[in-house]
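Below is one structure, written out as structure tokens; comments come after it.
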Amino acid sequence: MTSPQYVPLDEKKHRHLTLNTAPRLQALTQKDTAFIVLEEVVPLANEYPLFITKNPTTGQFQLVALLGLDKRQNLFIENGQWQAFFLPMECTTYPFRLYLPEADSSDRGLITLDPNHPSFSNEGGTALFTPSGEPSPMLTRIQQCFASLMQGTEATQRFLTEVQHHQLLEPVTIEYENPAGDKVSLTGFYQIDEAALAGLDPEPLKSLHDSGALRTCYALLNARTHIEKLAHWLTRTHRQ
Amino acid sequence: MASLVQSIVVVGGGTAGWLTAGLIAAEHQSRIQQRALTITLCESPSVPTVGVGEGTWPTMRGTLQKLGFSETEFVRRCHASFKQGSRFDRWNEDTASDVYYHPFAVPEGLSEVNLADFYCIEKPSQSFAALISAQVSLCERGLAPKQITHPEFSGAVNYGYHLDAGAFTQLLREHCIETLGIRHLWDDVVAAPLGEDGAITHIQTKAHGDILADLFVDCTGFRSFLLGEQLQVPFQPCNDVLMTDAAITAHVAYPSPQAPIAGYTRSTAQEAGWIWDIGLQNRRGVGHVYANDYLSTEKAVDQFKAYIAASGAKVADQDIRDIRFQAGRRARFWHKNCVAVGLSAGFLEPLEASAMVMIELSAEAIAEQLPSVTADIPIAAKHYNDTFDYHWQRTVEFLKLHYVLSRRQTPFWEDNRHPDSIPARLADLLALWTHRAPRNSDFERRSELFQAISYQYILYGMAFPTATVRTLSHRQAHLADTVMARNQKMIHGLTETLPAHRDLLEKIHKYGLASI
């Protein structure tokens, strides 16, 4: 297999390209984590376990949705269907990638793709462009997602800085029972410290409320219950 | 009615002064805020600080946390790097392959099995340190002791720091004044008159008049202005044991901004002393400690330059500093209402970076045992002197150990092995260790500076022949195997995941470490 060659999305070159759902989902079956931005927390909290992890390259905190309980495990895909109403934007945009020319430049990001990715073909699936060369609704949605992801990074960092400032983060261990009945522990995760949040003085509490961070904190805490759902799915998959 | 200890004056604004003032202030912060205790540090604007050393022990992590520092800020401001231990070159036989490590690692399971027993019985081909600690591998590969995802002050393996002493003092000064509520005076102390009871009544300053205090801390460096000059506590040299008395030092540039940074202090033995080599982020600090009776300064400088040239760097004559010292200590560290910390208490050559840790220990002991009423000061003083007599003697012995074991042949080294120069307790222990490995029970204190494991690293790093008659029980042999197998596994895992030392330091500059 050759390594992927990403090229900028080009309305002329890729006019007749289509995106096929089945191979696209197939490629996502090994995606265990999705990086999310702040605005996704509240909608995704209804369906996904959400946590904070550290970026392995920079050590900076980041928001993630857990898709599986083990490496290269995505429990949200079953029988070729995504088992949730909302999709993390990072999954929606797959297999497109955003290319940022320079970290400090104001250039807009460039959407790129690997034309040889199995998700792409010239027939069937959903067209990237309309016959007249306009982005199709599907491509427009992907463009919007990339724009939201880019714009959301700053708000996400602001939120994470805010909760750190109030010392509201704590390292947590995710525990669940695997199909064999053994207790499994996952480390390297951080979560809002519920007790610290409850013990906040009125002043910082108000500032968290005013910035909207408070709502995000409770959404993150509520999303913890989905770990049990994932463990249940794991057991169910195992039995089949 | 008992008179409360309400005011402390620290004289001297070097590392010792600020660390001591800071640790006392941190421990007694609520009393300072209630104005029940004042700490004043008086620092001469005209006296330059020596900069006691640029190598710390892992204890510095706890010290920085107590003081309330962020590790990120400390690493950024002090050009600090991570130190995982010491490396000794040419100490044993003066050959290029004569290298051993004294890592900071304290392997788990040590309380249950003495790994040195195993080493002496089985005589494996690996070095003792490499057998039981992953740090030798990490040091040799230039890897950091932690990742960018580790919280501040914690790592995959044990570590201390290398730091820029001048920058560290500046950081301490700011923090102590702004955060810990220490009163700071830029002023010269001209006298410290004694009262009828022989204790210091106050200090006389040039610009701020007389300053009274219940307790005085002498951090005036080699001069020992309060304890030595005013209180006349005599100096007790120990140059019959540790014979070096001079050092030439220089800052050396890296060949390129990307050059690797050593994660250990390198000590290379010389004709009549040894050369230290410490890698900071922005430069190396190198120094040649030698005995002037055995080596002229001119020759010492030549050897120093040759070492630097061989390491691929250069040094100009005008950048070389020359320091004279006498190894030794004040007869008492705490006398009446004055306690000396740092060089004013005593000086030993910087082998094993004992200077900074001794300051930390002293400051902590003063903070922890701070007498509540002036009447208790003599009791605290006695306790303190007993403790630090012990630490001092053990430190002298541990440093001496490095010399005693050498097989180098020049007069300096031969004289260092002369039985008259070896402290009796060390000689006794060495006699015991020819028949069995050092064990924890050889060192009786709870907070022993150098534990049995440190002695083992040095002894077996220098090929000390312990002909043990001991055997391991089945259980102990199994435990030893477990510890060593775990270590091999750890080496494998860590060398895969830990970043290059310089890369991590650059990331800390760019992104910082999180506190959790």
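The values are calculated or read from the model by the stated rules, or taken from the named source; none is laboratory data. Here the structure is a predicted model, which is why all the values come from computation and not from measurement. Note that each Cβ is placed from the backbone with ideal geometry, even for glycine, and that neighbours are counted across all protein chains shown. When the accessible area is computed, the model is the full protein with side chains, heavy atoms only, and any ligands, DNA or RNA have been set aside. Shrake-Rupley method; radii C 1.70, N 1.55, O 1.52, S 1.80 Å.
Within the range B:181-188, can one find any residue that is touching a strand residue (DSSP E or B) at 6+ places or on another chain (Cβ under 7 Å), of a type in the set (Val, Ile, Thr) and either crowded, with 19+ Cβ neighbours inside 10 Å or away from every other protein chain (no Cβ under 14 Å) (or both)?
yes
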Looking at the range B:477-509 only, could you name the residues that are within 14 Å of another protein chain (Cβ to nearest Cβ) and either within 29 Å of the chain's Cα centre (by Cα) or not charged (D, E, K, R) (or both)?
B:497, B:498, B:499, B:500, B:503, B:504, B:505, B:506, B:507, B:508, B:509
What about residue B:99, is it open to solvent by 40 Å² or more (accessible area, probe 1.4 Å) and either within 14 Å of chain A (Cβ to nearest Cβ) or of a type in the set (A, V, I, L, M, F, W, C) (or both)?
yes
From the list B:125, B:133, which residue is open to solvent by 30 Å² or more (accessible area, probe 1.4 Å), modelled with pLDDT under 95 and away from chain A (no Cβ under 14 Å)?
B:125
Can residue B:486 be described as open to solvent by 80 Å² or more (accessible area, probe 1.4 Å) and not in a helix (DSSP H, G or I)?
no
Selection status of residue A:157, within 14 Å of another protein chain (Cβ to nearest Cβ), of a type in the set (S, T, N, Q), open to solvent by less than 80 Å² (accessible area, probe 1.4 Å) and more than 19 Å from the chain's Cα centre (by Cα):
no
Residue tally, condition open to solvent by 10 Å² or more (accessible area, probe 1.4 Å) and either in a loop (DSSP other than H, G, I, E, B) or at the interface with chain B (Cβ under 8 Å from one of its Cβ atoms) (or both), over the range A:62-76
6
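For residue A:216, state whether it is more than 16 Å from residue A:75 (Cα to Cα) and touching a helix residue (DSSP H, G or I) at 6+ places or on another chain (Cβ under 8 Å).
Taking the combined requirement at face value, the residue satisfies it.
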In this structure, does residue B:66 turn out to be open to solvent by less than 20 Å² (accessible area, probe 1.4 Å) and in contact (Cβ under 8 Å) with a residue 24 or more places away in the chain?
no
Name the single residue that is farthest from the other protein chains (Cβ to nearest Cβ) among those in the range A:166-193 being in contact with a Ser or Thr (Cβ under 9 Å, 6 or more places away or on another chain) and among the small types (Gly, Ala, Ser).
A:185
Among (1) within 14 Å of chain A (Cβ to nearest Cβ); (2) part of a helix (DSSP H, G or I); (3) open to solvent by 80 Å² or more (accessible area, probe 1.4 Å), where does residue B:515 come up short?
(2)
Hits in the range A:181-213 (condition: among the aliphatic types (A, V, I, L, M) and either touching a residue at least 24 places away in the same chain (Cβ under 8 Å) or surrounded by 17 or more Cβ atoms within 10 Å (Cβ to Cβ) (or both))
A:184, A:186, A:192, A:196, A:197, A:200, A:208, A:213
Quickly run through the range A:128-142 and pick out the residues that are open to solvent by 90 Å² or more (accessible area, probe 1.4 Å) and in contact (Cβ under 8 Å) with a residue 40 or more places away in the chain.
A:141
Whether any residue in the range A:218-228 is within 14 Å of another protein chain (Cβ to nearest Cβ) and open to solvent by less than 60 Å² (accessible area, probe 1.4 Å) is what I want to check.
no
Within the set of pairs 6 or more residues apart or between chains, which connect a residue that is under 18 Å from residue B:238 (Cβ atoms) and touching a residue at least 40 places away in the same chain (Cβ under 8 Å) inside the range B:422-433 to a residue that is among the basic types (Lys, Arg) and assigned to a helix (DSSP H, G or I) with Cβ atoms less than 7 Å apart?
B:422/B:400; B:423/B:400
